[in-house]
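Step one of this worksheet: look at the structure below.
The values are calculated or read from the model by the stated rules, or taken from the named source; none is laboratory data. Please read all numbers here as calculations on a predicted model, not as lab measurements. Here the Cβ is made from the backbone with ideal geometry for all residues, glycine too, and neighbour counts use every protein chain on show. Just the protein is used for accessible areas: all its heavy atoms, side chains included, with ligands, DNA and RNA removed. Shrake-Rupley method; radii C 1.70, N 1.55, O 1.52, S 1.80 Å.
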Amino acid sequence: MNIEQKVKEIIVEELGVEESEVTNEANFIEDLGADSLDTVELIMCFEEEFDIEIPDEEAENLVTVAKAIEFLKSELD
Amino acid sequence: MYNLEDKIVVVTGGARGIGFSITQKFAKQGAISIILDLDQDAIDKAVKEIDDAGYRALGYNTDVTNNKAIKKLFNKIYDEFGKIDILVNNAGITKDGLLMKMKEEDWDKVITVNLKGTYNCTQAISRYLLKQREGVIINIASIIGIMGNAGQANYAASKGGIIALTKSTAKEFAARNIRVNSIAPGFIKTKMTDKLSDEIIDSYSKAIPLSRMGLPEDVANLCIFLASDQSSYITGQTINIDGGLIM
């Protein structure tokens, strides 16, 4: 499974949203209804799934699906 | 009434004193009590006593000041039981002395065990509770954290800190149906209060409206209430249990 698919799968699972809602442009808070705790949980899930550490400064920037995918791809390459 | 059957309860410092009374009480309510403590002999004794009475408990020898070890342990507990329901942050120490002469290490040690230990365990359990959308955290503070006490600046600061930590945690976790409250015991008969000077005990006993020291069981009873659905609308509070000493 590629990174993009896995990331979207985690978002669907963690935020309890439909797969169709998880577009690349979707903003976690504005479009997918996440609150601040959800975003922290989401980051922790990415860390666990991909076995990396995401510094807080980076985490703050990961506000959309695309940004998360882009960041994780660059980290894991 | 309290419906704590099969709940997974972690009690830090749960092998002795007030902690053991809490551990025991939860086990008697049908919960599985998990003791975190530093004293292996005390853990063995506590587990055996609960086991012999036909209830369920187990113990881990661990140090609440070790953030990484605590995270690993909560992960292990979660893996084993598939959930964790209740955390009682009870582990605490005193190293008394007048502030002018208080050693830096005594200040650090008390703050680290009492306050940082509470932070460590709360952080470690939070991801599981948040995911579950259910759970209760009970922090054992002290009336000393509210009223202060000569000779206990470090202890008072740590307990006052716990009360503030309780309120912040309650606000952060409320959206996930997780309640966080503090209990502030007054003078309770334990080995810790045995260490207090007779003068201190005398002066406070006179000031207690119910004119007696409390028992560990009094604190445990309140814990059970705060852990149960009977208190489902109470969060962020500090409840004094002190025979009316401070009102």
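Just the accessible area per residue of the protein assembly as shown, please: how many Å² with a 1.4 Å probe?
On the way: 16400 Å² over 324 residues.
The answer is 51 Å² per residue.
Amide H to amide H, with H built 1.01 Å from N, B:Asn149 comes under 5 Å of no residue 5 or more places away or on another chain.
Counting only protein heavy atoms and a 1.4 Å probe, tell me what percentage of the range A:36-76's accessible area is made up of carbon and sulfur. Walk me through the numbers before you get to the answer.
Numbers: 1040 of 2330 Å².
For the range A:36-76, the apolar C and S fraction of the accessible surface comes to 45 percent.
Between the helical axis of B:40-52 and the longest alpha-carbon principal axis of chain B there is an angle of about 60 degrees.
At the residue level, B:Met147 shows approximately 70 square angstrom of accessible surface with a 1.4 angstrom probe and all protein chains present.
Could you give me D for the protein assembly as shown, from Stokes-Einstein at 10 °C and 1.306 mPa s, where the hydrodynamic radius is the Kirkwood radius over C-alpha pairs? Units µm² s⁻¹, please. In µm²/s, the coefficient rounds to 75.
Given only helices, namely DSSP H runs of n ≥ 4 each adding -39500 (n - 2.57), what is the per-residue ellipticity at 222 nm of chain B, to the nearest 500 deg cm²/dmol?
Details: 10 runs with 114 residues, N = 247.
About -14000 deg cm²/dmol.
Might you report the magnitude of the Cβ-based charge dipole of the range B:8-241 about its Cα centre, with Lys and Arg at +1 and Asp and Glu at -1, to the nearest 20 debye? Intermediate results must be reported in sequence, preceding the final value.
Details: 29 positive and 25 negative charges, 145 e Å.
That gives a dipole near 700 debye.
Among B:Asp202, B:Asp63, B:Asp44, the residue with the largest mean-square fluctuation in a Gaussian network model of chain B, with springs joining Cα atoms closer than 10 Å, is B:Asp202. Phi-derived couplings, Karplus 6.51 cos²θ - 1.76 cosθ + 1.60 at θ = phi - 60°, listed residue by residue for the range B:232-245: 5, 10, 10, 8, x, 9, 10, 9, 7, 9, 8, x, x, 4 Hz, with x used for Gly and Pro. For chain B, modelled as a GNM whose springs connect Cα atoms under 10 angstrom apart, the maximal fluctuation among B:Gly59, B:Gly214, B:Gly82 occurs at B:Gly82. Ligands, DNA and RNA excluded, the heavy atoms of B:Leu98 present near 120 Å² of accessible surface to a 1.4 Å solvent probe.
Converting phi to 3J(HN,Hα) with the Karplus coefficients 6.51, -1.76 and 1.60 and the offset θ = phi - 60°, the range B:179-189 yields 9, 10, 9, 10, 10, 10, x, x, 8, 10, 5 Hz in sequence order, with x at every glycine or proline. Taken residue by residue and averaged, Cβ atoms of other chains lying within 10 Å of the Cβ of B:173-183 number 1.
Close amide H contacts of B:Val10 (hydrogens built in the peptide plane, cut-off under 5 Å, sequence separation of 5 or more or a different chain): B:Ile34, B:Ile86, B:Leu87, B:Val88.
Classification of chain B by its C-alpha gyration tensor yields a rounded form. The axis ratio a/c (a ≥ b ≥ c) stays under 1.5.
The loop-placed GluC sites (Glu not before Pro) in chain A, going by DSSP, that have at most 12 neighbouring Cβ atoms within 10 Å of their Cβ come out as A:Glu18, A:Glu25, A:Glu30, A:Glu53. Between B:Asn139 and B:Asn89, B:Asn181, B:Ser182, B:Ile183, the built amide H atoms are under 5 Å apart, and every one of these is 5 or more places off in sequence or on another chain. Each chain gives up part of its surface: B and A jointly bury about 700 Å² of accessible area, both sides summed, for a 1.4 Å probe.
Distance between the C-alpha centres of the range B:86-129 and the range B:152-170: 9 Å, rounded to the whole angstrom.
Starting from the residue with the highest accessible area, list B:Lys83, B:Lys189, B:Lys159 in decreasing order, probe 1.4 Å. List each step's numbers first, then the result.
Working: B:Lys83 65, B:Lys189 120, B:Lys159 5 Å².
Largest accessible area first, the list is B:Lys189, B:Lys83, B:Lys159.
Each residue of the range B:203-219 is assigned a 3J(HN,Hα), and the resulting list reads 5, 7, 4, 5, 8, 7, x, 7, 6, 7, 6, x, 10, x, 5, 4, 5 Hz, derived from the Karplus form 6.51 cos²θ - 1.76 cosθ + 1.60 (θ = phi - 60°), x at Gly and Pro.
Based on DSSP, what percent of beta bridges with both residues in the protein assembly as shown are antiparallel, to the nearest 5?
Working: 1 of 31 bridges.
Once the DSSP bridges in the protein assembly as shown are tallied, antiparallel ones form about 5 percent.
Here the Gaussian network model covers chain B, with springs between Cα atoms less than 10 Å apart; of B:Thr118, B:Thr169, B:Thr193, B:Thr193 fluctuates the most. Would you mind classifying the range B:1-126 by shape? Square roots of the alpha carbon gyration tensor eigenvalues, ordered a ≥ b ≥ c; an a/c under 1.5 is rounded, otherwise it is prolate if a/b is larger than b/c and oblate if not. Taking the square roots of the gyration eigenvalues as a ≥ b ≥ c, the range B:1-126 is prolate. Sort the range A:1-53 into rounded, prolate or oblate with this rule: let a ≥ b ≥ c be the square roots of the eigenvalues of the Cα gyration tensor; rounded if a/c is under 1.5, and if a/c is not under 1.5, prolate when a/b is larger than b/c, oblate otherwise. Cα axes put the range A:1-53 in the oblate bin.
For the range A:7-30 versus the range B:31-79, the spacing of their alpha-carbon centroids is 39 Å.
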